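The values are calculated or read from the model by the stated rules, or taken from the named source; none is laboratory data. Here the structure is a predicted model, which means the values were calculated and not measured. Virtual Cβ from ideal backbone geometry, glycine too; neighbours counted across all protein chains shown.
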Amino acid sequence: MGIIVLINLGLMAVMAQITGYEADVFLGLAPPEPIMPETFFDIAEICFFVVYIADVLVRMFVLRREWYYDELEGIQLMNIFDAILAAVHAFELMLLPMLVTGDQDQRASTVRVIKLLRIVRTLRIIKTVALFRQLRLLVGTCIASIGALFWSMVMLFLVKLGFSLIICQAIQGFILDDQNDLDTRLEMNNLYGSFLKALYTMFEVTHSGSWPARVRPVIDKVSPWYSLPFLGYITLVVFAVIRVVTALFLKETLASAANDADMQIEESRKTARDYQKKLEDLFRAVDEDGNDWLSPEEFVQALSLPGVQRYLAILELKVSDCGPLFEILDDGDGKITIAEFCKGLMQLKGHARALDMVVLQRESAKVLKECQDIHFKLKSMFSTVPSLDTNGKQTETSGLA
């Protein structure tokens, strides 16, 4: 469904481009050329509408109550959002006949309403966020960073507000002095003549990266002493504070990525695939005869090579004794295949996990219980086996010797 949304948005972009071209032709900025007929776009819009309505109705029929409310996730806002957009799309299609049958004023107002509705329909791009893991991560980061963003903006606004008041009051004297150059006074008035002008200029200085174009005229044309406060502001705010805020967002990004279960699963799978590919490359490198299996002699000889040991160390595999390792990897046929090699070494990677220890303890407990059962069964069996005493008479043993 996300692909359908992207195609629809692409057609809407083409329609907007054609409308802009028609405006250029109307203004005499471009020569008239043949363009795609509007009938094509109207038919495409109807097709997309049918797909969207079918999607909403099918989900409503299949999910029923869970379509709008889930016991675990609560109200399904995305499904309700899709239904609202489908209703907007339907209302837009209902207005299309009025473009043909209505008078000029009615057509003009209808066109404005349709354009507004199409702007609302562009919100369908939100659905594409769920298709891509990176987009979900970025959106989740933005949502998680709303609080930090708000207070960061408050702090920066207060800093810009204070500095704007200082610069505005300092330069107003220069602006009001008729002994100074008129063009310079007009330029300074445009940049710092009032509080709002100074505040907007400081916003550009802080966030746009164009601070030399806003600071250099003051230093060159008003006074070099203004370099001191501006250098302090650029160093502390533009350089230091902005980077602290960026680091805060980076922290929120990492935290959001760590809490994304789907992303963690995908990363684990990717890491496992990459690790297995490296082990397969290593196996093929040491398998000199190319028969896709290693004998004990080939295995010992391969692992004794310094290059192989260094490669295994990079893969976080510590191999100290080749003999027991071969027995661990071998399934009993006296040779190690590439599947046994990769699977065994992947299990040996790193330290023992807590889950491995729990499984080992449970298996050990099962073996101990089976041994105890065998012990008691043997004890009961030997208690009934006849034996000879020291005089050669047959007696019944009462227990284990």
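Here are some residues: P229, P217, P212. Which one is surrounded by fewer than 19 Cβ atoms within 10 Å (Cβ to Cβ), touching a residue at least 60 places away in the same chain (Cβ under 8 Å) and part of a helix (DSSP H, G or I)? Result: P229 is the single residue among P229, P217, P212 that is surrounded by fewer than 19 Cβ atoms within 10 Å (Cβ to Cβ), touching a residue at least 60 places away in the same chain (Cβ under 8 Å) and part of a helix (DSSP H, G or I).
The rows are residues; the columns are (1) under 16 Å from E92 (Cα atoms); (2) assigned to a helix (DSSP H, G or I); (3) not acidic (D, E).
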position: I4; (1), (2), (3): no, yes, yes
position: N8; (1), (2), (3): yes, yes, yes
position: A13; (1), (2), (3): no, yes, yes
position: Q17; (1), (2), (3): no, yes, yes
position: Y21; (1), (2), (3): no, yes, yes
position: A30; (1), (2), (3): no, no, yes
position: P34; (1), (2), (3): no, no, yes
position: I43; (1), (2), (3): yes, yes, yes
position: C47; (1), (2), (3): yes, yes, yes
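Residue-wise test of (1) surrounded by 13 or more Cβ atoms within 10 Å (Cβ to Cβ); (2) free of Cβ contacts under 8 Å to residues at least 40 places away in the same chain; (3) within 16 Å of D82 (Cα to Cα).
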{"position": "N8", "(1), (2), (3)": "yes, no, yes"}
{"position": "L11", "(1), (2), (3)": "yes, yes, no"}
{"position": "Y21", "(1), (2), (3)": "yes, yes, no"}
{"position": "L29", "(1), (2), (3)": "no, yes, no"}
{"position": "E33", "(1), (2), (3)": "no, yes, no"}
{"position": "T39", "(1), (2), (3)": "no, yes, no"}
{"position": "F49", "(1), (2), (3)": "yes, no, yes"}
{"position": "D55", "(1), (2), (3)": "yes, no, yes"}
{"position": "W67", "(1), (2), (3)": "yes, yes, yes"}
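Considering I175, I126, the condition of being at pLDDT below 85 and β-branched (V, I, T) is satisfied by I126 alone. Residues in region 203-242 that are aliphatic (A, V, I, L, M) and under 24 Å from D181 (Cβ atoms): V205, A213, V215, V218, I219, V222, L228.
Scanning region 182-206 for residues that are over 16 Å from I219 (Cβ atoms), in a helix (DSSP H, G or I) and among the polar types (S, T, N, Q) gives N189, N190, T206. When V237 is tested against (1) within 28 Å of A144 (Cα to Cα); (2) at pLDDT 90 or above; (3) in contact with a helix residue (DSSP H, G or I) (Cβ under 7 Å, 6 or more places away or on another chain), just one condition goes unmet, and that condition is (2).
Just to be sure before I move on: is V88 within 30 Å of I18 (Cβ to Cβ) and assigned to a helix (DSSP H, G or I) in the structure I sent? So V88 passes the test.
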